[in-house]
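Undergrad: Input: one structure, supplied below.
The values are calculated or read from the model by the stated rules, or taken from the named source; none is laboratory data. Since the structure is predicted, the reported quantities are computational estimates derived from the model, not experimental observations. Positions of Cβ are generated from backbone atoms using ideal geometry, with glycine treated the same way; all protein chains shown enter the neighbour counts.
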Amino acid sequence: MVPYTNPVPSEQEKTTELVKNPEDVKWWLRPPRAPASTDLNSNTNAMRYLAGTCACRSCRLISGFEIQTWAFVPRWNIWFHIPSPSKPGSSVAAEESVVQLDFATLPSGILKSYESTPGILREFCPRCGATVFWHDRWRPDLIDVSVGLFDAQGGSRAEKWLDWWSERVSFVEDVTNGRSGESARRAKALVEALERGLRTRVEG
């Protein structure tokens, strides 16, 4: 689903160019549901972000569920509305500042971050524990955003904002990693059913 990146490079690859996208293809930009022209590959028609489903063991253990949904959003399109501290006893609503996502300068207390694999970082809400971001050092300006956080009028799939990848569930081969027996069988059946449903929905 995600070209031009290798999320778990070998030691040899770490010393070479890891991200190869020589034509600067904006693969994360997708056409609208009713495109203005027939050229679906034109960036001038790109109004949505690519989104997909992941079944890797790392996402599963962190989220506590079999499937994690991600949208691929450029960092410069992610902004935080941060309220300024209000004065004690004041009835005036606190003002807020709007800042672009920069992990190096983001005010403390907004997100918690940890490195789940060397070079790969995940952020979560320090209050409720919700998964927020996934990003790595090989494509630092393209962020995986947890779709469960979106508040879209169109519903949980947010299809006016997102174009869902339907050809496969990412890392489906990782579903049974670390487990066996009935647990592995049920997990595999769930992900296979999801893949069939995604294809059927598009073909239908």
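For every residue, the table says whether it meets (1) loosely packed, with under 12 Cβ neighbours inside 10 Å; (2) hydrophobic (A, V, I, L, M, F, W, C); (3) outside any strand (DSSP E or B); (4) in contact with a Lys or Arg (Cβ under 6 Å, 6 or more places away or on another chain).
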position: S116; (1), (2), (3), (4): no, no, no, yes
position: V132; (1), (2), (3), (4): no, yes, no, no
position: R139; (1), (2), (3), (4): no, no, yes, no
position: D151; (1), (2), (3), (4): yes, no, yes, no
position: G155; (1), (2), (3), (4): yes, no, yes, no
position: D163; (1), (2), (3), (4): no, no, no, yes
position: A189; (1), (2), (3), (4): yes, yes, yes, no
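Undergrad: Could you tell me whether K87 is of a type in the set (K, R) and modelled with pLDDT under 70? Outline the logic, then answer.
TA: Working: of a type in the set (K, R): yes; modelled with pLDDT under 70: yes.
So K87 passes the test.
Undergrad: For F124, work out the one condition from (1) over 29 Å from D102 (Cβ atoms); (2) surrounded by 11 or more Cβ atoms within 10 Å (Cβ to Cβ) it doesn't fulfil.
TA: Against the list (1) over 29 Å from D102 (Cβ atoms); (2) surrounded by 11 or more Cβ atoms within 10 Å (Cβ to Cβ), F124 comes up short only on (1).
Undergrad: Report whether or not A46 is surrounded by 11 or more Cβ atoms within 10 Å (Cβ to Cβ), among the small types (G, A, S), modelled with pLDDT of 90 or more and under 22 Å from V145 (Cα atoms). Quick ask: steps written out before the conclusion?
TA: Numbers: surrounded by 11 or more Cβ atoms within 10 Å (Cβ to Cβ): yes; among the small types (G, A, S): yes; modelled with pLDDT of 90 or more: no; under 22 Å from V145 (Cα atoms): yes.
No; evaluated as a whole, the condition is false for this residue.
Undergrad: Would you confirm, using the coordinates I've provided, whether I143 is farther than 27 Å from L198 by Cβ and either surrounded by 13 or more Cβ atoms within 10 Å (Cβ to Cβ) or modelled with pLDDT under 90 (or both)? If you could, list the steps in order and put the result at the bottom.
TA: Values: farther than 27 Å from L198 by Cβ: no; either surrounded by 13 or more Cβ atoms within 10 Å (Cβ to Cβ) or modelled with pLDDT under 90 (or both): yes.
So I143 fails the test.
Undergrad: For the list (1) free of Cβ contacts under 8 Å to residues at least 24 places away in the same chain; (2) surrounded by 14 or more Cβ atoms within 10 Å (Cβ to Cβ); (3) among the acidic types (D, E), I need the number of the one condition that E95 fails.
TA: Result: E95 passes all but (2).
Undergrad: Under 6 Å between Cβ atoms, which residue pairs at least 6 apart in sequence (or on different chains) link something in segment 102-119 that is within 12 Å of H135 (Cβ to Cβ) with a partner that is of a type outside the set (A, V, I, L, M, F, W, C) and assigned to a loop (DSSP other than H, G, I, E, B)?
TA: G119/R137
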